[in-house]
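One structure below.
What follows is calculated from the coordinates using simple rules that are stated; it is not laboratory data. In this text, all values refer to a predicted model and were calculated from it rather than measured experimentally.
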Amino acid sequence: MVASLISDILFGFTGLISIINPIGGAFVFLDRTAALTTEERTALARKIAVNAACVLLVAFFIGTPILHFFGISMEALRIGGGLALAVGGWQMLNAPDTQPAEQAGVKRVDADNAKSFAFFPLTIPLTTGPGSIATAIALTANRTHKLSAFVMSGIASVAISCAVAVTVYLIYSRAVVFARYLGVEGTKVALRVSAFLLLCIGVQIILTGVSEFLIPIATMSPVAK
């Protein structure tokens, strides 16, 4: 049972962290918080990490009932979430290489509004976007109602959320270190690569949702005349 629990935690953490991509998100986070001091950025990273853990816990424990209540299928969630993620990646990929203050329509975070921007857009959709929420829901979509299995699944969900939050905090709070090693041009390249990966992840989520929707139709037995 313990081995199964560890396996579930590692599987869930690996899947979520690959979609969240905190290293790529760290460069976007650094770009959006260029006006903050190191201490302010660290405090904001901590708040984002806590918010991310809360979002994942909500998705883990009540995500599936919410989908059932509104009549939303997992396929629709994946297609919609992947589309939102792909659009965000496409916009980032095609954004002009201008200074933060010169980018029209893009609100930067400063010391006065840092808290108000901590949840949106820095937690959702930058950190825990539609892809990670859909993944968290999918991980527990088939959760059994047997008490022992439910408890083990709940422990795994909490452990995964905490592990993701710690990883996000450690990487976001040290985003300036990554940028310092890469330099200005290296940071721009990393930002573009992160945007491209975000676009690819969004497209992959869409394709997964479409395939899951079409496979049952394609394998449906023909109706006898």
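So how much slack lies between Phe119 and Ile217, counting 0.36 nm per residue of separation and subtracting their Cα-Cα distance, in nm?
Extending this stretch completely gives an extra 31.4 nm.
Running a GNM on the chain with Cα contacts under 10 Å, which residue among Gly24, Gly186, Gly71 ends up with the highest mean-square fluctuation?
Gly71
Would you kindly give the portion of the calculated P(r) for the stretch 165-225 that falls above 19 Å, as a percent of all Cα pairs?
Cα-Cα pairs in the stretch 165-225 separated by more than 19 Å: 60 percent.
Roughly speaking, what is the centre-to-centre gap between the stretch 161-225 and the stretch 35-74 when only Cα atoms are used, to the nearest Å?
16 Å
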